[in-house]
């Protein structure tokens, strides 16, 4: 796939040599369309994870550090979590929420099955109080 720089210098790297501008434009559009389709497929196949749990004040800082460690451990072999955010309930400061974006539903399912094997999960589970909610969500296609 060509980078933006290669698109900008198309006439220099073109395997078509002296091809007409019309042919170069058509090929460039084809490449752009493939990139858009690939990106759309990735976006439409992604999912969000919401996990809400109670954390005591004395464990808060350690749970935050372990959370970030676990995200890195899940991404160690392959980037499966493309974005993560951790929120704190504005009315109950002992509740935190993980809001993760997974690259695909399949990656989320496969990786969460490996939950017990990640180095930081045991300690996290010891420090977290109640697990209030956990689930994966995919975008509604018509929305």
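Taken together, the values in this text are just the output of simple stated rules run on the coordinates, not laboratory data. In this text, all values refer to a predicted model and were calculated from it rather than measured experimentally. Please note: Cβ atoms are built from the backbone with ideal geometry, for glycine as well, and neighbour counts cover all protein chains shown.
Neighbour counts of other Cβ atoms within 10 Å put 64, 74 in the fewest-to-most order 64, 74. Label the range 39-100 by shape, choosing from rounded, prolate and oblate, from the square roots a ≥ b ≥ c of the eigenvalues of the Cα gyration tensor; if a/c is under 1.5 it is rounded, and otherwise prolate applies when a/b is larger than b/c, oblate when it is not. Oblate is the answer for the range 39-100, as a/c is 1.5 or above yet b/c matches or exceeds a/b.
Peptides 127-138, 98-109 ranked from most to least packed give 98-109, 127-138, packing being the mean of other C-beta atoms within 10 angstrom over each peptide's residues.
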